[in-house]
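Shown next, in structure tokens, is the structure this report addresses.
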Amino acid sequence: MGQARQAVERLVEVYDRHDPAQVVALYATGAKISRPGAPELTPETLGQFYGGFVQAMPDFRHILHNVVEEGDRAAFECAIEATFTGSLPTPEGAVSGNGAHINFTHAQFITIDEQGRIIEDRDYTDMAHLMSQIGMGAAQQEPVGDEVEAHA
């Protein structure tokens with residue numbers, strides 16, 4: 001097993017400890033962390049983002065399905081299961097837990113440095129599926145713009 005795969009296994013293990021500081025410690029200073037449709041994160045802002053999920057879904061866990069490694073890079077796919085019991089901070093305000101069982105898939109691509117710290121991280125999560133499970137899907141949203149007239 002190479003160093004990149006070990007970094008994946010450490011990351012998943014640390015995620016499931018629910019400690020944002022331990023997650024941040026796996027990243028090199030200046031690491032680039034990106035998610036489609038969202039602002040780039042630093043290790044510190046990732047810790048804050050992750051802390052919000054810990055608060056909202058304190059029992060979440062990752063089930064690792066696939067890991068592919070090549071040199072200093074690795075890609076992995078996992079399922080994430082949780083119960084939405086806490087409060088999830090969002091840009092629009094906090095969303096209160098509804099007790100829903102959450103299950104969604106996630107893929108992540110990392111690059112590590114010589115010490116095994118993550119220097120680049122690209123995360124792909126079906127956020128629309130996740131949001132619908134916690135009650136924030138399109139079916140629960142108020143109509144906007146032209147949709148208001150269509151519903152009148």
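Brief remarks on what is shown
- In segment 80-95, the condition of being under 25 Å from GLY116 (Cα atoms) and surrounded by 14 or more Cβ atoms within 10 Å (Cβ to Cβ) is met by at least one residue.
- Odd one out for ASP16 among (1) touching a His at 6+ places or on another chain (Cβ under 7 Å); (2) closer than 18 Å to THR105 by Cβ; (3) without any contact (Cβ under 8 Å) to a residue 40 or more places away in the chain: (3)
- If you filter segment 26-42 down to residues that are free of Cβ contacts under 8 Å to residues at least 24 places away in the same chain and surrounded by 15 or more Cβ atoms within 10 Å (Cβ to Cβ), you find that the one that is nearest to ASP126 (Cα to Cα) is LEU41.
- Extreme residue, farthest from GLU81 (Cα to Cα), among residues of segment 43-67 that are touching a strand residue (DSSP E or B) at 6+ places or on another chain (Cβ under 7 Å) and either in a helix (DSSP H, G or I) or among the acidic types (Asp, Glu) (or both): PRO43
- Residue match in segment 16-25 (condition: of a type in the set (Lys, Arg) and under 16 Å from ASP123 (Cβ atoms)): no
- Residues (of a type outside the set (S, T, N, Q) and at pLDDT 85 or above) located in segment 116-127: GLY116, ARG117, ILE118, ILE119, GLU120, ASP121, ARG122, ASP123, TYR124, ASP126
- Selection count where residues are over 18 Å from GLU114 (Cα atoms) and either of a type in the set (Gly, Ala, Ser) or part of a helix (DSSP H, G or I) (or both), scope segment 24-42: 3
- Residue within segment 135-143 that is surrounded by 15 or more Cβ atoms within 10 Å (Cβ to Cβ) and modelled with pLDDT of 85 or more present: no
- Close pairs (8 angstrom Cβ cut-off, 6 or more residues apart or separate chains): assigned to a strand (DSSP E or B) in segment 74-92, aromatic (Phe, Trp, Tyr) and modelled with pLDDT of 95 or more anywhere: ALA74/PHE109; ALA75/PHE109
- Conditions (1) surrounded by 17 or more Cβ atoms within 10 Å (Cβ to Cβ); (2) out of contact with any Leu (no Cβ under 6 Å at 6 or more places or on another chain); (3) within 17 Å of PHE104 (Cα to Cα); (4) small (Gly, Ala, Ser): number failed by ALA56: (2)
The values are calculated or read from the model by the stated rules, or taken from the named source; none is laboratory data. Just so we're clear, the structure is a prediction, and the values are computed from it rather than from any experiment. Backbone-built Cβ (ideal geometry, glycine too); neighbour counts: all protein chains shown.
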